[in-house]
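Below is one structure, written out as structure tokens; comments come after it.
The values are calculated or read from the model by the stated rules, or taken from the named source; none is laboratory data. Quantities reported herein were computed from a predicted structural model and do not represent experimental measurements. We place every Cβ from the backbone using ideal geometry, glycine too, and count neighbours over all the protein chains shown.
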Amino acid sequence: MKKAFLIANPKSGKQRVQTELFHIVDRLSEAGYMTTTAITKYRGHAAELAAMAGDFDLLLCTGGDGTLNEVISGVLKNGVKMPIGYIPLGSTNDFAGSLGIPTDIDKALDGILEGEPRPIDVGSFNGRYFMDVGLLGIFSRTCYETPQDMKNTLGFLAYVLEGIREVPTVHPVPLRIEAGENIFEGEYLACVVSNSTRLGGVVSLDEGQVSLSDGQFELLLVEKEKTPLQLAAYIHSLRTANLNTEGMTFISVPELRITSTDDQPWTLDGERADWDGVADIRVLHDAVSLLMKK
């Protein structure tokens, strides 16, 4: 009998993992897998568990995008050569949405059991892996400071409510961005490095503009607003995904270096990431594969 290793985060989303775990294991059993299930106990635990997956035939994880991030990190750091099955049960599931992985458990399992490996790019932020989005500036604290019980109850609305509270305290971040031949320097409300067609459930980018396996990430810079009207224009542009507004820059880059005199922390896939004012960010092309239907 084939062996499956399932890593489950019981606190993700609305804690659906706790009620659906038996069903997931039952589906895997019907498909001919004897499943070993590991429940995460603390931040970073999923990465530790994924490092032990080399002796299994199938590696799966269920939880939010943060759980997937940890599993991918564990696989890459320890040289585990195995595609990953992802059952998204988080609060926003932005990365799953970008890939077209359904949040319906049975449909996600169908993709894992009947699909094929799809290679995707992974980002490296000073050696720390991320696969969805790196964010500095406005709303960045919201991602990692919003209480989990609020996320579970309100979903994306929780991020909006916490973000509104953050706006009065946000100050522009002085940045120098070196992206190939492009150099940008100034004060910015936001710096976003993403490999996703969805940013926080608000911005939906054109799939024709964004590829998750082209060896490039998308860089979005939002300059300090000069007037209240310009801030309103920024908000409208983000809501409509029209990123050609004056004061906004949107380009694709394979790597970049960002420096600052401000040590405001980043957010990587929803988790806080401290830095010393220098960030070397690069794309690891087709670094891992996810199991899914074409």
Exercise for review: Search region 201-241 for residues being at pLDDT 70 or above and of a type in the set (S, T, Y), and hand back the single one that is nearest to L284 (Cα to Cα).
Suggested key: S213
Revision key, fill the gap. Per the filter on region 242-268, residues over 19 Å from L284 (Cβ atoms) and not hydroxyl-bearing (S, T, Y) are N242, L243, N244, E246, G247, M248, F250, I251, D262, D263, Q264, P265
Review point. For region 262-275, how many residues meet the condition of being more than 16 Å from L68 (Cβ to Cβ), at pLDDT below 90 and assigned to a strand (DSSP E or B)?
Key: 2
**Study point:** Yes/no for T19 being buried (at least 22 other Cβ atoms within 10 Å of the Cβ) and β-branched (V, I, T)
**Key:** no
**Study point:** Selection status of D65, of a type outside the set (G, A, S), free of Cβ contacts under 8 Å to residues at least 12 places away in the same chain and not assigned by TED's automatic domain parsing to the domain that holds L212
**Key:** no
**Study point:** Residues that are buried (at least 24 other Cβ atoms within 10 Å of the Cβ) and acidic (D, E), drawn from region 45-65
**Key:** D65
Practice item. Sort out which residues of region 29-43 are loosely packed, with under 13 Cβ neighbours inside 10 Å and more than 29 Å from the chain's Cα centre (by Cα), and write them in order of number. Key: E30, G32
**Study point:** Check on G63, more than 23 Å from E114 (Cα to Cα), under 22 Å from the mean Cα position of the chain (by Cα) and not charged (D, E, K, R)
**Key:** no
Check your understanding: Under the condition of being within 30 Å of I101 (Cα to Cα) and among the small types (G, A, S), which residue from region 164-198 is modelled with the lowest pLDDT?
Key -> S196
Check your understanding: In region 12-32, which residues are modelled with pLDDT of 95 or more, touching a helix residue (DSSP H, G or I) at 6+ places or on another chain (Cβ under 9 Å) and outside any helix (DSSP H, G or I)?
Key -> A31
Review point. Do we find a residue being modelled with pLDDT under 90 and in contact with an Asp or Glu (Cβ under 8 Å, 6 or more places away or on another chain) anywhere in region 276-286?
Key: no
Exercise for review: Determine, yes or no, whether I87 is within 19 Å of the chain's Cα centre (by Cα) and within 21 Å of L212 (Cβ to Cβ).
Suggested key: yes
Review point. Looking at region 242-260, which of the residues that are polar (S, T, N, Q) and closer than 28 Å to S213 by Cα is modelled with the highest pLDDT?
Key: T259
Point to revise | Members of region 234-261 that are surrounded by fewer than 14 Cβ atoms within 10 Å (Cβ to Cβ) and assigned to a loop (DSSP other than H, G, I, E, B) | key: N242, N244, E246, T261
Revision key, fill the gap. Given (1) modelled with pLDDT of 95 or more; (2) touching an Asp or Glu at 6+ places or on another chain (Cβ under 7 Å); (3) surrounded by 19 or more Cβ atoms within 10 Å (Cβ to Cβ), N126 misses just (3)
